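Undergrad: Provided herewith is a single structure, encoded as structure tokens, for subsequent inquiry.
The values are calculated or read from the model by the stated rules, or taken from the named source; none is laboratory data. Quick caveat: nothing in here was measured; it's all calculated off a predicted structure. Methodologically, a virtual Cβ is constructed for each residue, glycine included, from the backbone with ideal geometry; neighbour enumeration extends over all protein chains shown. Quick note on the areas: whole protein, heavy atoms, side chains included, nothing else; ligands and nucleic acids left out. Shrake-Rupley method; radii C 1.70, N 1.55, O 1.52, S 1.80 Å.
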Amino acid sequence: MPHSFGYRARTRYMFARNFREHGPLHLSTYLKTYKVGDIVDIKGNGAVQKGLPHKFYHGKTGIVYNVTKSAVGVIVHKRVGNRYMEKRVNVRIEHVNHSKCRDDFLRRVKENAAAAKAARAKGESIQLKRQPAQPREARLVSTEDNVPTTITAIPYDTLI
């Protein structure tokens, strides 16, 4: 039997709708606004075949460079050999979502700005950089009224 290399080959689970999420799309999908410069995640929706991106771009994150009435153009960097190529993909809005990749960064920027302002008002310096998880503090285990017990393996014994 010949091997097929179609546009949607080997996407049986990739473009399948999730459990109890079949049927028409929610209207909120169409009411989202996309602007040039927005960071979006490409996620192909199998319920809408029009404007479906190629399976390679499923799960990729890119930047919107063009907006039309029913689609957006997204710049995605694709690894080709030893370099990254800028690919411009036109995808319908059913297949993109706003990315949450910058939410944590923007939240930290606001927190750092507020902390720096408060520190300036007090006239003190403050550390704003993230710190890696530090080792736990040292502990002392007292043996007073706490006799150590020796644990050994139980010798093998047949149960017949």
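Undergrad: Whether any residue in the range 34-53 is out of contact with any His (no Cβ under 9 Å at 6 or more places or on another chain), hydroxyl-bearing (S, T, Y) and at pLDDT 95 or above is what I want to check.
TA: No: the range 34-53 contains no residue that is out of contact with any His (no Cβ under 9 Å at 6 or more places or on another chain), hydroxyl-bearing (S, T, Y) and at pLDDT 95 or above.
Undergrad: Right, another one. Limited to the range 56-80, what total is found for residues that are part of a strand (DSSP E or B) and either over 13 Å from G44 (Cα atoms) or more than 17 Å from the chain's Cα centre (by Cα) (or both)?
TA: The total comes to 16.
Undergrad: I've got another one for you. Would you tally the residues in the range 88-102 being open to solvent by less than 50 Å² (accessible area, probe 1.4 Å) and not in a strand (DSSP E or B)?
TA: 4
Undergrad: Kindly provide the set of residues from the range 106-131 that are within 30 Å of D41 (Cα to Cα) and open to solvent by 90 Å² or more (accessible area, probe 1.4 Å), ordered by number.
TA: Scanning the range 106-131 gives R107, K110, E111, K129, R130, Q131.
Undergrad: Taking the condition surrounded by 11 or more Cβ atoms within 10 Å (Cβ to Cβ) and in contact with a helix residue (DSSP H, G or I) (Cβ under 6 Å, 6 or more places away or on another chain), does V74 pass?
TA: no
Undergrad: Another question about this same structure. Here's a check for you: in the range 147-160, which residue that is at pLDDT below 90 and not hydroxyl-bearing (S, T, Y) is most open to solvent (accessible area, probe 1.4 Å)?
TA: Here the residue is I160.
Undergrad: Restricting the range 36-55 to residues that are in a loop (DSSP other than H, G, I, E, B) and in contact with a strand residue (DSSP E or B) (Cβ under 7 Å, 6 or more places away or on another chain), which is least open to solvent (accessible area, probe 1.4 Å)?
TA: P53
Undergrad: Could I ask something else about it? Looking at the range 97-110, is at least one residue acidic (D, E) and within 22 Å of the chain's Cα centre (by Cα)?
TA: Yes, the range 97-110 has at least one match.
Undergrad: Which numbered condition in (1) in a helix (DSSP H, G or I); (2) more than 19 Å from the chain's Cα centre (by Cα) is the only one that M85 fails?
TA: (1)
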